[in-house]
Amino acid sequence: MYTAFYHLHSFWAYLVVLVVFLATVNAIIGSVAKRSYGPKDFRISLFALIVTHIQLLFGIVLFFISDKIRWFDADTDVSLIMKNDLLRLYNVEHPLLMIIAIALITIGYSKHKKKSISASKFKTLAIFYTLAFIAMLAMIPWSVWL
């Protein structure tokens, strides 16, 4: 079961990065070009929200079944996790920053729906989705992922 979720989480991550990148670029271009916000823009930002939340579900399952996660071992000291770079990445940094990235996408998506002007919709999406995309890129374990 671990292997299946590990591969699912890893392969779905490619889709997440691609869709969030497209949504971010779409929001930035829409903001700079002062385009009218349309159904296509809504779908792109919604799809980014959906794929990231699905990835979060895969990640939560993986967090509880992975052998790299040491929080649930009775004999593991927290200082051991924090002193080891790889353990700290998988146990603290990656989950925390990815949750923050998904929260930024969720907040940006929710805030943009309340705006009535296209420019402010695009600006809100551009800010939140860009911050989320940067957070995602910062915490992808590149040495393992590529």
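Of note:
- For the range 66-95, residues that are of a type in the set (A, V, I, L, M), modelled with pLDDT of 85 or more and under 23 Å from residue 17 (Cβ atoms) total 2.
- Options 66, 36, 45; residue that is surrounded by 15 or more Cβ atoms within 10 Å (Cβ to Cβ), touching a residue at least 24 places away in the same chain (Cβ under 8 Å) and farther than 15 Å from residue 133 by Cα: 66
- For the range 132-144, the count of residues that are aromatic (Phe, Trp, Tyr), under 16 Å from the mean Cα position of the chain (by Cα) and farther than 30 Å from residue 65 by Cα is zero.
The values are calculated or read from the model by the stated rules, or taken from the named source; none is laboratory data. Here the structure is a predicted model, which is why all the values come from computation and not from measurement. All Cβ positions, even for glycine, are placed from backbone atoms using ideal geometry, and neighbour counts span all protein chains on display.
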